[in-house]
Amino acid sequence: MSVNVNASQLNTTQLLISVTTIEEAQIALENGADIIDLKEPSLGALGALPIETIQAIVTYVKNTKNADAKLTSATIGDLPMQPELLLAHVTQLATTGVDIIKIGFFQTDDYQLSLDALKSVAHAGTKLIAVLFAETMYPQGLIAAIKYAGFMGVMLDTAKKNGLTLLDYYSQEQRAIFAKTVLGHNLQLGLAGSLKPQHVALIKEISPSYIGFRGGVCNDNQRNLALDAAKIKAVRKIV
Ligand SMILES: O=C[C@H](O)COP(=O)(O)O
């Protein structure tokens with residue numbers, strides 16, 4: 001399934017908001033989200049929503065006004081790096097017409113076998129983003145391997161949602177080095193990890209393609225609670 005991701009949609013820093021329902025997607029769109037990210041926060045860092053829910057939200061977003069300026073992304077779940085398992089979930093998710101599929105690299109070994117398995121769908125047009133976690137040290141050469149496999153981008157996020165943010169794990173210098181590596185491979189760069197409005201200025205210093213939020217734009221900053229429209233509006237103004 002090839003999807004049309006308009007490059008210009010990702011040429012300036014975009015605002016990604018993770019949602020769980022059509023109603024949350026509506027709130028995110030009404031308050032300026034560029035990318036509607038579909039995930040189930042109660043099932044982990046990249047918890048997957050039921051495929052029917054994903055299909056319903058993707059259809060809803062595609063039918064809203066100026067939908068061509070909006071993108072959808074979805075996660076396949078906190079899955080182990082087993083090539084056939086990942087390929088099966090990505091292939092199924094691609095049938096929903098979601099623009100971007102996010103795959104978590106929860107382990108550092110055997111990633112090449114998974115990348116080899118996913119290369120076919122990537123080169124067939126399905127837009128894939130590799131989600132790396134700030135708590136994990138990854139082997140040298142992983143970013144180049146992700147690029148070679150045909151992925152569209154890399155996202156740096158946090159696996160544990162314990163209140164620590166991406167900035168607690170990556171210093172300014174480490175963030176700059178990571179960004180230089182990813183952008184240097186002509187990959188889109190996403191940043192997330194329990195971020196709040198006060199973190200945006202520092203995050204923007206390394207010119208990410210997009211910045212992702214869930215917990216920081218929810219009631220009481222709890223990612224399992226409902227979205228807070230005012231918080232989305234506030235981050236929209238500064239992203
Ligand atoms: O992809 C987006 C991030 O996972 C947002 O979640 P978070 O702000 O709760 O870390």
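The values are calculated or read from the model by the stated rules, or taken from the named source; none is laboratory data. Worth saying up front: this structure is predicted, and the values here are computed from it rather than measured. Reconstructed Cβ throughout: ideal geometry from the backbone, glycine too, with neighbour counts over all protein chains shown. Note: accessible area is taken over every heavy atom of the protein model, side chains too, but ligands, DNA and RNA are not part of it. Shrake-Rupley method; radii C 1.70, N 1.55, O 1.52, S 1.80 Å.
I need the phi-derived Karplus couplings for region 50-61: 6.51 cos²θ - 1.76 cosθ + 1.60, θ = phi - 60°, integer Hz, Gly and Pro marked x.
Values per residue, Gly and Pro as x: x, 4, 5, 5, 4, 4, 5, 6, 4, 4, 4, 4 Hz.
Modelled label-to-label distance, residue 30 and residue 172, 7 Å Cα→beta-carbon offset: nm?
3.9
With +1 on each Lys and Arg Cβ and -1 on each Asp and Glu Cβ, and nothing else charged, work out how big the dipole of region 60-136 is about its Cα centre, in Debye to the nearest 20.
Values: 6 positive and 8 negative charges, 109 e Å.
Taking the Cα centre of region 60-136 as origin, the dipole is about 520 debye.
Just 112, 188, 198 to compare: in a GNM of the chain, with alpha carbon springs under 10 Å, which one fluctuates most?
Sorting by GNM fluctuation, first place goes to 198.
Please list 12, 91, 126 in order of solvent-accessible area, largest first, computed with a 1.4 Å probe with all protein chains present.
Details: 12 90, 91 65, 126 10 Å².
These residues rank, largest area first, as 12, 91, 126.
Counting only protein chains, not ligands or nucleic acids, how are 238, 211 ordered by accessible area (probe 1.4 Å), most first? List each step's numbers first, then the result.
Numbers: 238 75, 211 0 Å².
The residues order as 238, 211, largest area first.
In the structure shown, do any of 62/147; 70/161; 147/231; 119/196; 65/160; 39/233 have a Cα-Cα gap over 31 Å, and if so which? If you can, show how the numbers build up before the last one.
On the way: 62/147 28 Å; 70/161 27 Å; 147/231 34 Å; 119/196 34 Å; 65/160 36 Å; 39/233 20 Å.
Beyond 31 Å: 147/231; 119/196; 65/160.
Label residue 181 and residue 162 with points 7 Å out from Cα along Cα→Cβ: what is the distance between them in nm?
2.3
Where is the GNM fluctuation largest for the chain (alpha-carbon springs, 10 angstrom cutoff): 184, 153, 104?
Greatest mean-square fluctuation among the candidates belongs to 184.
Would you kindly derive the ³J(HN,Hα) couplings of region 140-155 from the backbone phi angles with the Karplus curve 6.51 cos²θ - 1.76 cosθ + 1.60 (θ = phi - 60°), listing them in order in whole Hz, with x for Gly and Pro?
Each residue of region 140-155 in turn: 4, x, 5, 4, 5, 5, 5, 5, 5, 6, x, 5, 7, x, 10, 10 Hz.
Could you name the aspartates and glutamates whose alpha carbon sits less than 18 Å from that of residue 237, not counting residues in the same chain fewer than 8 places away?
Correct list for residue 237: 30, 34, 205, 228.
Whole Å is fine, so just give me how far the alpha carbon centre of region 185-211 lies from that of region 137-177.
Region 185-211 and region 137-177 have Cα centres spaced 11 Å from each other.
Rank these by accessible area, largest first, 1.4 Å probe: 175, 236. Please report the intermediate quantities before stating the final value.
On the way: 175 15, 236 65 Å².
From most exposed to least exposed: 236, 175.
Percent of Cα-Cα pairs more than 25 Å apart in region 7-238, please. Please report the intermediate quantities before stating the final value.
Values: 8984 of 26796 pairs.
Everything past 25 Å amounts to 34 percent.
If you plug each phi of region 22-31 into the Karplus form 6.51 cos²θ - 1.76 cosθ + 1.60 with θ = phi - 60°, what whole-Hz ³J(HN,Hα) values come out, in order, with x for Gly and Pro?
With the stated coefficients, region 22-31 comes to 4, 4, 5, 4, 5, 4, 5, 5, 4, 10 Hz.
Using r as the Cβ-Cβ distance of residue 204 and residue 119, and R0 as 25 Å, what FRET efficiency do you calculate, to the nearest 0.05? List each step's numbers first, then the result.
Working: r = 32 Å, r/R0 = 1.29.
The formula returns an efficiency of 0.20 here.
Please give the length that would be gained between residue 84 and residue 221 if that part of the chain were fully extended, namely 0.36 nm times their separation in residues minus their C-alpha to C-alpha distance (nm, one decimal). Could you put the intermediate results ahead of the total?
Numbers: separation 137, 0.36 × 137 = 49.32 nm, distance 3.61 nm.
Fully extending the segment from residue 84 to residue 221 adds 45.7 nm.
Once you keep just the Cα pairs under 8 angstrom separated by 6 or more residues, what percentage relative contact order results for the chain?
On the way: 461 pairs, mean separation 49.4, N = 239.
Over the chain, the number comes to 21 percent.
Can you tell me the dipole magnitude for the chain around its Cα centre, using point charges on the Cβ only (Lys, Arg +1; Asp, Glu -1), in Debye to the nearest 20?
Details: 20 positive and 21 negative charges, 127 e Å.
Here the size comes out at about 600 debye.
Any idea of the accessible area per residue across region 7-238, 1.4 Å probe, to the nearest Å²? Working shown, then result.
On the way: 9610 Å² over 232 residues.
Heavy-atom accessible area per residue stands at 41 Å².
If amide hydrogens are placed 1.01 Å from N in the peptide plane, which non-local residues have theirs closer than 5 Å to the one on residue 14?
Result for residue 14 returns 210, 211.
Is there a quick way to get the dipole size of region 161-239? I mean about its Cα centre, with the Cβ of Lys and Arg at +1 and of Asp and Glu at -1; what is the value in debye to the nearest 20?
Working: 11 positive and 5 negative charges, 51 e Å.
Once rounded to the nearest 20, the dipole reads 240 debye.
Over the chain, with a Gaussian network built from C-alpha contacts below 10 Å, which listed residue (166, 202, 15) shows the highest mean-square fluctuation?
Judging by the Gaussian network model, the answer is 202.
If I model a spin label at residue 68 and residue 22 as a point 7 Å from the Cα along the Cα→Cβ vector, what separation in nanometres do I get?
2.4
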